[in-house]
1. Using just the helices of the chain, give the 222 nm mean residue ellipticity in deg cm²/dmol: DSSP H runs with n ≥ 4 each add -39,500 (n - 2.57), and the total is spread over all residues, rounded to 500.
2. Below 9 angstrom from the Cβ of P61, what's the summed charge of the other residues (Lys, Arg +1; Asp, Glu -1)?
3. Apply the Karplus curve 6.51 cos²θ - 1.76 cosθ + 1.60, θ = phi - 60°, to the phi angles in segment 257-265 and return the couplings in whole Hz, x for Gly and Pro.
4. Could you look at segment 98-141 and say what percent of its accessible area is carbon and sulfur, using a 1.4 Å probe and all protein chains?
5. Whose amide H sits under 5 Å from the amide H of A57, counting only residues 5 or more places off or on another chain, with H placed in the peptide plane?
6. Between A233 and residues 5 or more places away or on another chain, which pairs have amide H atoms under 5 Å apart, with H built 1.01 Å from N, and which residues are they?
7. Bin all alpha-carbon pair distances of segment 137-183 at 10 Å intervals from 0 and give each bin's fraction as a whole percent.
8. Which distance in Å, rounded to a whole number, links the C-alpha centroids of segment 88-134 and segment 1-73?
Amino acid sequence: MVQMKDRVAIVTGGGSGMGRSTSLLFAQEGAAVAVADINETGGRETVAMIEQTGGRALFVPTDTSDEAAVVALVEETASAFGHVDAMVTAAGISYSNFVEKDEATDPWRNPKEGLILNKDTARWQKVLDVNLTGVMICAREAARQMIAQDNGGTIVNFASIAAYGPVPTIADYCVSKAGVVMLTKCLAAEFGGKGIRVNAVAPGPIETGMTQSLLETGRLQQQAAALPLGRVARPEEVADVVLFLSCDQSSYITGKTIGVDGGTYTV
């Protein structure tokens with residue numbers, strides 16, 4: 001069964017990791033995909049991968065914390081494909097200088113740098129701007145388009161297991177993801193009457209570019225080994241859940257955050 005046939009999806013952070021896996025899966029399931037990312041090389045690679053298999057895709061360079069850029073993303077997608085049916089907000093950063101790969105401020109390589117006592121307000125704010133405000137902007141603009149179309153739609157946000165457990169060296173990240181969980185509930189309550197379902201996924205230890213420092217230091221493997229499933233997950237395993245929340249199989253689910261975490265909070 002092709003579960004996204006004739007639908008149009010926007011995937012932020014689609015240039016790598018879980019966003020890329022979601023983009024590829026959606027295209028495989030029949031959707032036209034607008035791949036949005038600040039990483040132009042990665043975004044265009046994802047589009048090329050989709051087109052090589054006969055799918056339809058568009059790359060739109062997007063900083064999700066830039067309101068004008070997100071408005072343009074939705075408008076360009078609707079113009080290119082005729083409508084927008086699904087928004088996936090996978091774009092995010094683990095610390096303020098993540099995109100720049102600044103090892104000096106990487107909290108996994110230099111834990112003291114991540115502590116609130118050593119963090120300036122601008123670095124804190126940048127994480128919230130991307131991970132929380134950016135998610136709100138993307139969801140809002142997608143919902144406005146869906147309401148104008150008057151045929152409903154789905155929004156899937158990316159939270160994290162960090163939303164539920166404090167990690168002192170990444171307090172800004174934890175707070176931003178906790179905000180996504182509550183934002184998802186609020187949006188679901190507001191948009192439900194318009195036929196728009198809003199849910200979220202909360203990934204656990206996943207092998208992606210964002211967790212590279214953890215992988216290299218062995219901390220991710222150590223974290224995963226303590227879980228009931230005892231391993232690090234693949235991005236594709238998260239994409240499968242995003243697909244479920246974006247298709248008709250989850251037609252009576254909204255306002256929920258589903259952990260894709262190997263059983264993190266059972267131990």
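The values are calculated or read from the model by the stated rules, or taken from the named source; none is laboratory data. If you're wondering where the values come from, they're calculated on a predicted model, not measured in any experiment. Because the Cβ atoms are built from the backbone with ideal geometry, glycine has one as well, and the counts that use them run over all protein chains shown. These area figures cover heavy atoms from the full protein model, side chains too; ligands, DNA and RNA do not enter into them. Shrake-Rupley method; radii C 1.70, N 1.55, O 1.52, S 1.80 Å.
1. -13000 deg cm²/dmol
2. With Lys, Arg at +1 and Asp, Glu at -1, the net is -3.
3. Per residue, the Karplus-derived 3J(HN,Hα) values read 10, 9, x, 10, 9, x, x, 3, 9 Hz.
4. The computed percentage sits at 60.
5. For A57, whose amide H was placed from the backbone, the distant partners under 5 Å are V33.
6. I206, E207
7. Going from the shortest bin to the longest, the percentages are 26, 37, 23, 13, 2.
8. Here the answer is 24 Å between Cα centres.
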